[in-house]
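Shown next, in structure tokens, is the structure this report addresses.
The values are calculated or read from the model by the stated rules, or taken from the named source; none is laboratory data. Note that this is a predicted model, so its numbers are computed, not measured. Note that we place each Cβ from the backbone using ideal geometry, even for glycine, and neighbour counts take in every protein chain shown.
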Amino acid sequence: MINKVLVEENIDCPPNRLWLILTMPSEVRKWFGAGEVTFEPRQNGEVRFRFTSASTKGTVSLWAPPTIFAIQFTPGQRVEFWCDPIDTGTRLVISSTVPHDDPAAAGELLNQWAGCLLKIKARAEPAKA
């Protein structure tokens with residue numbers, strides 16, 4: 001039974017800066033790929049993502065800047081973002097529940113979050129010359 005996927009990466013970026021990339025609507029739009037993002041950065045704040053053909057909304061269920069926040073979408077569907085300071089920047093862990101314990105959905109979700117993580121890292125780390 002698969003009920004959660006995790007992706008994690010060390011990012012050469014201080015936690016406060018990474019926090020802004022993870023929570024500012026203009027930044028979220030860039031790494032998440034939604035056309036429109038509404039994000040109320042507070043406990044019980046509304047989160048809404050609109051895509052070309054669909055939309056989804058949730059509620060900020062956990063808010064502890066600059067360490068962790070979680071978004072509850074529907075019962076049983078939750079995403080958590082953990083920012084742990086490390087010597088070289090921040091360790092980012094993204095945890096997401098898998099709907100209906102579906103292995104195929106778990107694989108798709110893992111690929112989606114891994115793609116988001118690459119975009120977050122690209123936004124957070126300065127260009128290497």
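Out of Asp101, Asp84, Asp12, report the one residue that is over 12 Å from the mean Cα position of the chain (by Cα), over 30 Å from Ala127 (Cα atoms), surrounded by fewer than 17 Cβ atoms within 10 Å (Cβ to Cβ) and among the acidic types (Asp, Glu).
Asp101
From the residues in the stretch 74-129 that are of a type in the set (A, V, I, L, M) and in a strand (DSSP E or B), which one is farthest from Asn44 (Cα to Cα)?
Ile86
Looking at the stretch 104-121, which of the residues that are among the hydrophobic types (A, V, I, L, M, F, W, C) and touching a residue at least 60 places away in the same chain (Cβ under 8 Å) is surrounded by the fewest Cβ atoms within 10 Å (Cβ to Cβ)? I'd like the intermediate steps shown before the answer.
Here is the first cut: in the stretch 104-121, the ones among the hydrophobic types (A, V, I, L, M, F, W, C) are 104-106, 109-110, 113-114, 116-118, 120.
Filter once more, so that each one left must be touching a residue at least 60 places away in the same chain (Cβ under 8 Å): 106, 109-110, 113-114, 116-117, 120.
Values: Ala106: 20, Leu109: 20, Leu110: 16, Trp113: 18, Ala114: 13, Cys116: 17, Leu117: 18, Ile120: 26.
Within the stretch 104-121, the match that is surrounded by the fewest Cβ atoms within 10 Å (Cβ to Cβ) is Ala114.
Out of Gly107, Gly45, Gly89, report the one residue that is touching a Cys at 6+ places or on another chain (Cβ under 6 Å) and of a type outside the set (Ser, Thr, Tyr).
One residue alone meets the criteria, Gly89.
Say we look at the stretch 61-73 and pick out the residues that are in a strand (DSSP E or B) and in contact with a Ser or Thr (Cβ under 9 Å, 6 or more places away or on another chain); which of these is farthest from Trp19 (Cα to Cα)?
Phe73
Which of the residues spanning the stretch 1-28 are in contact with a strand residue (DSSP E or B) (Cβ under 7 Å, 6 or more places away or on another chain) and without any contact (Cβ under 8 Å) to a residue 24 or more places away in the chain?
Within the stretch 1-28, Pro25, Val28 meet the criteria.
Taking the conditions exactly as written (outside any helix (DSSP H, G or I), among the polar types (S, T, N, Q) and within 15 Å of Leu6 (Cα to Cα)), does Ser53 satisfy them or not?
So Ser53 fails the test.
Restricting to the stretch 54-74, count the residues that are aromatic (Phe, Trp, Tyr) and closer than 19 Å to Gly35 by Cα.
Qualifying residue count for the region: 1.
Just to be sure before I move on: is Trp31 closer than 27 Å to Asp12 by Cα and touching a strand residue (DSSP E or B) at 6+ places or on another chain (Cβ under 7 Å) in the structure I sent?
no
Among what's in the stretch 87-97 and is of a type in the set (Val, Ile, Thr) and at pLDDT below 95, pick the residue that is surrounded by the most Cβ atoms within 10 Å (Cβ to Cβ).
Selected residue: Thr97.
Where residues in the stretch 15-64 are within 20 Å of Asp84 (Cβ to Cβ) and touching a helix residue (DSSP H, G or I) at 6+ places or on another chain (Cβ under 6 Å), which of them is surrounded by the fewest Cβ atoms within 10 Å (Cβ to Cβ)?
Pro41
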